[in-house]
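**Student:** Could you have a look at this structure, given as structure tokens, before my questions?
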Amino acid sequence: MTVDPPRPSRSAPVTIIEADERHAVLAFSGALDAPALGLLEELLLDPRLRRPGAWTLDMSDLTHIDLACAYALLRTATRAPEPAALTIRGARPAVHRTLRHAGLDSVATFVA
């Protein structure tokens, strides 16, 4: 019998910090890549995110995002019946570039 060594626990790369009727804040950290895609898509379906008319995505602690995750954010932003105003805060240059390649610059405002 073989036993796999325990995997180090990986904290969630995205969490809902705040969500009320008007505004939601999501905080991103670490790397948001293919292994985290399912978690991201599940979180984006959270009922608390259906009500707010504005979202802030705090990406100041995000070191990497792949295109699949960037497209998941774009799909969420564009498929809602009443799209929320989207602000992306603190994205590092490489993260900003990936988000731009996915087309998020057409639906979001980027701030430092």
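**Student:** Order these peptides, 44-57, 64-77, by their mean beta-carbon neighbour count within 10 angstrom, highest first. Let's see the in-between values first.
**Tutor:** Working: 44-57: 14.8, 64-77: 19.0.
In decreasing order of mean packing, 44-57, 64-77 become 64-77, 44-57.
**Student:** Sticking with this structure for a sec: Please list 3J(HN,Hα) in residue order for region 31-47, calculated via the Karplus relation 6.51 cos²θ - 1.76 cosθ + 1.60 where θ = phi - 60°; whole Hz, with x for glycine and proline.
**Tutor:** Once rounded to whole Hz, the list reads 10, 10, 9, 3, x, 9, 4, x, 4, 4, 4, 5, 5, 5, 8, 4, x.
**Student:** Now, a different point. Going by the alpha-carbon gyration tensor, a ≥ b ≥ c the square roots of its eigenvalues, is the chain rounded (a/c under 1.5) or, if a/c is not under 1.5, prolate (a/b greater than b/c) versus oblate?
**Tutor:** On the way: a/c = 1.96, a/b = 1.51, b/c = 1.30.
Cα axes put the chain in the prolate bin.
**Student:** By how many degrees, 0 to 90 and rounded to 10, does the Cα axis of helix 93-102 deviate from the longest principal axis of the chain?
**Tutor:** On a 0 to 90 degree scale, this one is about 70.
**Student:** Quick check on the chain: helices-only [θ] at 222 nm, where DSSP H runs of length 4 and up contribute -39,500 (n - 2.57) each and the sum goes over total residues. Nearest 500, please. Mind showing how you got there, number by number?
**Tutor:** Working: 3 runs with 31 residues, N = 112.
Helix contribution divided over all residues of the chain: -8000 deg cm²/dmol.
**Student:** While we're here: How large is ³J(HN,Hα), in whole Hz, for each residue of region 59-66 in order, when computed from phi with the Karplus curve 6.51 cos²θ - 1.76 cosθ + 1.60 and θ = phi - 60°, using x for Gly and Pro?
**Tutor:** Running phi through 6.51 cos²θ - 1.76 cosθ + 1.60 with θ = phi - 60° gives 10, 5, 9, 8, 8, 7, 9, 8 Hz.
**Student:** Have a look at ALA84, ALA27, ALA94 and tell me which one the Gaussian network model of the chain (Cα, springs below 10 Å) gives the largest fluctuation.
**Tutor:** Highest fluctuation of the listed residues: ALA94.
**Student:** Going by the alpha-carbon gyration tensor, a ≥ b ≥ c the square roots of its eigenvalues, is region 47-91 rounded (a/c under 1.5) or, if a/c is not under 1.5, prolate (a/b greater than b/c) versus oblate?
**Tutor:** Oblate, since a/c reaches 1.5 and b/c is not below a/b.
**Student:** Provide the FRET efficiency to the nearest 0.05 for the ARG51-ARG89 pair, computing r from the beta carbons and using R0 = 25 Å. Don't skip to the end; give the middle numbers.
**Tutor:** Details: r = 21 Å, r/R0 = 0.82.
Approximately 0.75, to the nearest 0.05.
Throughout, read-outs are computed from the coordinates displayed, never taken from laboratory work. What you are looking at is a predicted structure, and each value in this text was computed from that prediction instead of being measured. When we count neighbours, we look across all protein chains shown, and the Cβ atoms used for this are built from the backbone with ideal geometry, even at glycine.
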